[in-house]
Amino acid sequence: MRPTTLLLAALAATLLLTACGSERAGTHDGGVGARGPTSRAAVTEPAVDGVRITSVTIPSSASPSASPSAADGVTRDGVVEAEPLPTGPSADSGVSAAYEVTNSGTEALTYTVLFGFTTSGGEAVSNQKVTVRSVGPGETVRGSVRLGSLPPGAPQVTRAKVAEVTKVPAGEAPAEADTCPPSGIRVTADEGDSAMGLRVVGLLLENCGERDYTVNGYPEVSLLDEDRQPVDGVRILRGGGGIATVTGFDDPPRTVTLKPGERASADLMWRNTTGFGTAVDVPYVRVRARPGAAPVMITPHLDLGTTGKLGVSAWRTAGEQPGARGAGSP
């Protein structure tokens, strides 16, 4: 599986903690706090793609504790207060970071932010991913993210950073698990698999509406760059197209009708080998389940190397897997 990493040094704003008063962790965001006094550091590092950490709170006696609580509460500049994500049932490590997200663009955006918590030497201890939905043009949204629990013997956390930011038009953001969009379908992507240069990302189509939904063929995909503009020079192939031989990936399309609650799946496949030419990275993919369907923008980060090819399998009933994911012959 392609791991989520904290190696985006060019994007990371690393924040060294210094003591400046004390409070109980969680009092400013409604979360579950740790026992004992805490130190809170205000920070002034520049924003990373519109996201900035404003302060970090750490207990003076930070120690591992039992249950995770990676919650984030969000408020909107005195206008709207969004409901916070649920927290764990008991105290966590008490380490948290307050942040703000500012949309300087002209359309509402949904942000997905990877926050990293590290040691003073930069060693990664843990990371948390937060989604901040529907930030309007010129709007600033504030919230907080908790580190959660730490295992026994974990190193001391002394820094936090914004490790990665992706943002998609709010109207094209994948729906939350407990929300059904007006289209009646929910399209999401998994974290992907990898093996010896071969990459596979799965697409999942769920009928969350009240009527049957039919697809017959391949998902429509468009590749977009960091500015969400079309990427040139990549062939989108129906099937494996010689990228690799994976059982079932080249199966012909057939009609798949999903009753409410049923799901279908498809896959994107590529190799990230590099030869002559310029390597291509694709951070955003716009997906339509069928022609004319509402678009959904996913962020799988396709590192296509110099191969210039992306294979797309046909929709199939969820559970039918095209061979061993991530495995195949050249």
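No other residue among Val125, Val165 is open to solvent by 10 Å² or more (accessible area, probe 1.4 Å), in contact (Cβ under 8 Å) with a residue 24 or more places away in the chain, more than 30 Å from Arg286 (Cα to Cα) and not in a loop (DSSP other than H, G, I, E, B) apart from Val125. Within the span defined as segment 282-289, one or more residues are touching a residue at least 12 places away in the same chain (Cβ under 8 Å) and over 26 Å from Cys208 (Cα atoms). Restricting attention to segment 208-242 and to residues that are closer than 22 Å to Pro252 by Cβ and among the basic types (Lys, Arg), the residue that is surrounded by the fewest Cβ atoms within 10 Å (Cβ to Cβ) turns out to be Arg235. Scanning segment 245-258 for residues that are in contact with a Gly (Cβ under 7 Å, 6 or more places away or on another chain) and either open to solvent by 80 Å² or more (accessible area, probe 1.4 Å) or at positive phi (or both) turns up Thr245, Thr247, Gly248, Asp250.
Among residues of segment 170-187 being β-branched (Val, Ile, Thr) and surrounded by 16 or more Cβ atoms within 10 Å (Cβ to Cβ), the one that is farthest from the chain's Cα centre (by Cα) is Ile185.
Among the residues of segment 92-109, those that are assigned to a loop (DSSP other than H, G, I, E, B) and open to solvent by less than 10 Å² (accessible area, probe 1.4 Å) comprise Asp92, Ser93, Gly94, Val95, Asn103.
The values are calculated or read from the model by the stated rules, or taken from the named source; none is laboratory data. Keep in mind the model is a prediction, meaning the values are calculated, not measured. Counting neighbours? That spans all protein chains shown, and the Cβs are built from the backbone with ideal geometry, glycine included. Just so you know, the surface numbers come from the protein's heavy atoms only, side chains and all, with ligands and any DNA or RNA stripped out. Shrake-Rupley method; radii C 1.70, N 1.55, O 1.52, S 1.80 Å.
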